[in-house]
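Reviewing the structure listed below.
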Amino acid sequence: MTEDFRILFVADVVGRPGREAVKAVLPVLKAELQPHLTVLNGENAAGGFGITAKIAEELQRAGADVITTGNHVWDQKQFVDELPGLDRVLRPHNYPPGAHGTGVVVVEADGQQVLVMNLMGRLYLPDIDDPFRAADAALAAHPGIRISLCDMHAEATSEKVAMGWYLDGRVSAVVGTHTHVPTADARVLPGGTAYVTDVGMVGPQDGVIGVDKEAVLKRFLTGIPHRFEVAEGSVTFNSVAISIDRLTGRAISISRHDRVHD
Ligand code: FE2
């Protein structure tokens, strides 16, 4: 057992190109970084919209231990019923009571209990319950677990930065997802929480946040909705690795690991 506990977090996987990149890149990156736990956001893995049980299993076979989601979690109709039967696949914890599935899981990895939590912001997204109080409730329900990671899926950078400060010293890491554009602010906050506003995506780099750029441009230029398809070509693979002190649960470091898969 090594002294630090390492978590690899892989950004939003977009469509088939994203899934193929995960299969190609993730095993290589895991061999290099030797993470004890790998968490991946899969909410755009099914054609850019949502996820299915089959795709979740495909991503878990490729090396993801836990899968998080966000506002697109219910896009594939069958997933509403599939989700409760899936081990280690989360939807945002701050969905109102009665929503299928769960937003928190405790997993055992390399002799450690690790809490993984999924939250969703409310700015420019569906107006669900308060993510800050949902985080409080999740942590209160799991006392004594030192190592924890929170995927804060949100549009607004301000809301993610605020969550980083709110959970600083209370979780090992807060990683932001949803915008598909990586930010350059990865650091360990003073209380010992590793933080990054957005990890980015695993998706086609020549589209608009993974979507075919022609359709997006037509929509911006004319205001008329066009069918969005996942873009093609080279895939950007964005991830962060977090090193955590096993005794204190405080983050030691957070580093970006970005690749391009042709
Ligand atoms: Fe999203």
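Each reported figure results from applying straightforward, stated rules to the coordinates on display, with no laboratory input. Only a predicted model underlies this, so the values are computations on that prediction, with no experimental measurement involved. Cβ: placed from backbone, ideal geometry, glycine included. Neighbour counts: every protein chain shown.
Straight Cα distances below 23 angstrom link Lys77 to the lysines Lys54, with same-chain residues fewer than 8 positions distant left out. Ranked by the mean number of other Cβ atoms within 10 Å per residue, highest first, peptides 50-57, 105-112, 197-204, 61-68 order as 197-204, 61-68, 50-57, 105-112. Taking amide H positions as modeled 1.01 Å from N, with prolines and chain starts lacking one, the residues under 5 Å from Ala109 and 5 or more places away or on another chain are Val114.
Structural descriptor for the range 96-214: relative contact order 18 percent, calculated from alpha carbon pairs under 8 angstrom and at least 6 residues apart.
Using Cβ point charges alone (K and R +1, D and E -1), the dipole size of the range 185-233 about the Cα centre works out to roughly 180 debye.
If you wrap the tightest convex hull around every Cα atom of the chain and split its volume per residue, you get 118 Å³.
Relative to the longest principal axis of the Cα atoms of the chain, the long axis of helix 157-167 lies at roughly 20 degrees. Here's how it looks for Glu43: its modeled amide H is under 5 Å from those of Val13, which are all 5 or more places away or on a different chain. When each of the peptides 226-239, 175-188 is scored by the mean number of other C-beta atoms lying within 10 Å of its residues, the order from highest to lowest reads 175-188, 226-239. Comparing Tyr195, Leu247, Ile209 along the charge dipole axis of the range 4-261, the residue lying farthest to the positive side is Leu247, per the Cβ-charge model.
The HN-Hα couplings worked out from phi for the range 14-29 by the Karplus form 6.51 cos²θ - 1.76 cosθ + 1.60 (θ = phi - 60°) are 9, x, 4, x, x, 5, 5, 5, 4, 5, 7, 8, 4, x, 5, 5 Hz, whole numbers, x standing for Gly and Pro.
Put simply, when 130-139, 164-173 are sorted by average Cβ atoms within 10 angstrom per residue, most first, you get 164-173, 130-139.
Report the antiparallel proportion of the DSSP beta bridges in the chain as a percent, rounded to a multiple of 5. Percentage antiparallel, nearest 5: 55. Think of each Lys and Arg Cβ as +1 and each Asp and Glu Cβ as -1; about the Cα centre, that makes the dipole of the chain roughly 80 debye. For the range 123-262, the convex hull spanned by the alpha carbon atoms encloses 122 Å³ per residue. Taking amide hydrogens as placed 1.01 Å from N in the peptide plane, the amide H of Ser253 sits under 5 Å from those of Ser243, each at least 5 positions away in sequence or on another chain.
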